[in-house]
Amino acid sequence: MLKSLHVEGTTLLHRLSVRTKLAVLFAASLAVFLTVDPFVLGGAVLLSALVFATVGVSFSQAVSRLAWPLVSIGLVAGATAFFETPVHGLVVLFRFATLILLAATVTASTEVGDFMEEITRLMMPFERLGLVNAADIGLALGLVLRFVPEIATRYESLREAHAARGLPVRPLKMLAPLIILTLKDADMIAMAIDARGLRRH
Amino acid sequence: MSTRDLVLTALFTAIIIVLGIIPPITLAFVPVPITAQSMGVMLAGCIIGAKRGALAYLLLILMVAVGLPVLSGGRGGLAVLAGPTGGYIAGWVVGTFVTGLVAERIVRETQGGARQIAGFFLASIIGGIGVVYLMGTIWLAINTGMGFVAALSANAVFLPGDILKAGIAALAARAVLVGYPLLPQRS
Amino acid sequence: MEIRFADCSIHYGETVALHPLDLVLTERRIGVIGLNGSGKTTFARAINGLVKPSRGHVTVNGLDTSEDGPAVLGTVGFIFQNPQNQLILPIVADDIALGLKSRGVAKAEVAARVEGILMRFGIEHLARRRVHALSGGETQLVAMASVLVTEPDILILDEPTNQLDLKNRKRVIDTLAGLDEAAIVVSHDLSLIESFERVLLFHEGRLIADGMPGDVVKAYEAVALC
């Protein structure tokens, strides 16, 4: 469950630091708005597609990862073409296709753990200002990953309990009990975190 | 932030993720199944309130960003955030906060059931629809050069479904309020 | 070790969970029994400062739970009734390591100590397993490991054999018997505490019997079945 979208590999992109990849992505997100030439932007799409192809994502994986973002930009580009001009629609399509391909490249070539470390580092200035606690972010993320399968199992047993009592299984009816049962554990989990001294630094 | 608030926030993020895994809800009178996850903004705001709800969504977006497939249909990764619909995703955070803010102000544990449901419904409409649409549309209009009104009108397709979701979320939030009240109260 | 309750009482709003109590504990194996709602869990939580006295003091090896909270937490480990709620990271070894990391232990030492504690409990094979997929007995053992890795002097266990099958119950009892640390065990499982040095019986928020297991269990039967 919740298998990361990272793809194993040792390509150049896998070896680049997370910070470099994010910086390039950010720079690209500004650069694509510097031009309105559909030929330049079309070239950018091709280039980023090539870069994406080097990280070792299989074709079926690529389809499942990119389908939804591409459909959504297709719709937006279509609407732009309708309200503005067709060329305008094409510019929008190419701009976002470039960014989506580059973003998917960063995701596929970066491990979750490395990403979290970079985020923790980026949070440091805010931590010094007392706005966030970087260790808390890691703890919260761990908690989510720990309890997603627990809650999914709980949903299953609620469903079975409904079925065993001969009640029609309606997800809607199970929403509130699922949420209540889950949040009721919060006090015990919080007490255990404090008892284990996990938030002392 | 207390440890309890941290845990409630993380557990709600986990609930939102599970709502994206379970089968979509089908209603007799609606042709399209409803993904339970798409009610997350309304549920989070109405159930755990403005601050914790918004943080639960920030945590969810962080997980999307680092490449975990936490959105319904196994979606995730920076590609989801980089698209022209990124404004809606930012809108989830602010929308949850506003939903929570309204709910905390107008829903009281001492009120009758009908008033509580009406309060949650109103909060969900304002935060979960109004704010999310507004932020999504502004982002869309800026990034496509489409006019604001044209971009806004594109949302109209989703409006009936979202109003229905606000109703379902209001019923669920009221059931949770009765069973295990967590919503902070503001005057 | 020395745990001292000095005129300690605990209230939750209007309800009195623990009436004024004076008590000194120095034994290595102490059982705590009583009906549901008798105050035994409150008593146990007061020892590591999860619950603070409303009046009076609780001290552990001279540390006051109200004033030296973090130091007391370092001295007293607590295993909860539902240990699955106590394990908060998805992978067993990561969860055990967390307690050390948050205390600023160096990375290499963390790995060595995690391995050491897993060996001690004979559960090396669980290191990379998902917490979610552990059995009841395994969960209990991992929870004990995650607490003992930080080397507390005293361990408190709340219903450690609750909901375990016979085989896992035996495993937990054997592990408990082999602990060097002092242990205070809250339990409904009377055979678990029959070999202990001292047993306390709570009833309606008061300590009503204190002594050898045989005598205290008799007193428990008298109040429970009247």
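All of the numbers you see were taken from the coordinates with simple rules; none came from a lab. The structure displayed is predicted, hence computed values, not measured ones. All Cβ positions, glycine included, derive from the backbone under ideal geometry; neighbour counts span all protein chains shown.
Brief remarks follow.
- Unit charges on C-beta of K, R, D, E only; dipole of the protein assembly as shown, Debye: 1560 debye
- Computed from point charges on the beta carbon alone (+1 for Lys and Arg, -1 for Asp and Glu), the dipole magnitude for region C:1-77 about its Cα centre is near 280 Debye.
- Of the cross-linked pairs B:Lys51/C:Lys40; C:Lys40/C:Lys170; A:Lys184/C:Lys52; C:Lys52/C:Lys170, those separated by over 26 Å at the C-alpha level are B:Lys51/C:Lys40; C:Lys52/C:Lys170.
- 0 to 90° range, to nearest 10: angle between helix A:38-53 axis and chain A longest Cα axis: 50 degrees
- Alpha-carbon centroid distance for the pair region C:182-226 / region B:88-123, whole angstrom: 50 Å
- Mean ellipticity per residue at 222 nm, deg cm²/dmol - from DSSP H runs of n ≥ 4 across chain C, formula -39500 (n - 2.57): -10000 deg cm²/dmol
- Qualifying trypsin sites (Lys or Arg not before Pro) for region A:160-201 [loop in DSSP, other Cβ within 10 Å: at most 13]: A:Arg165
- Among the GluC sites (Glu not before Pro) in region C:1-94, those placed in a DSSP loop whose Cβ has at most 13 other Cβ atoms within 10 Å are C:Glu2, C:Glu14, C:Glu67.
- Between the Cα long axis of helix C:213-224 and the first principal axis of chain C there is an angle of about 70°, rounded to the nearest 10.
- Candidates per trypsin sites (Lys or Arg not before Pro) in region B:67-112, loop by DSSP, up to 16 other Cβ within 10 Å: B:Arg108
- By other beta-carbon atoms within 10 Å, ranking A:Met174, A:Met124, A:Met188 with the fewest at the front produces A:Met124, A:Met188, A:Met174.
- A dipole drawn for region B:3-177 from +1 and -1 charges on Cβ atoms has a positive end, and of B:Leu43, B:Ile106, B:Tyr57 the residue lying farthest that way is B:Ile106.
- Acute angle (nearest 10 degrees) that the helix A:18-31 long axis makes with the longest principal axis of chain A, alpha-carbon atoms: 50 degrees
- Projecting the Cα atoms of A:Met191, A:Pro168, A:Ala140 onto the charge dipole of region A:133-195, computed from C-beta unit charges around the Cα centre, puts A:Pro168 farthest toward the positive end.
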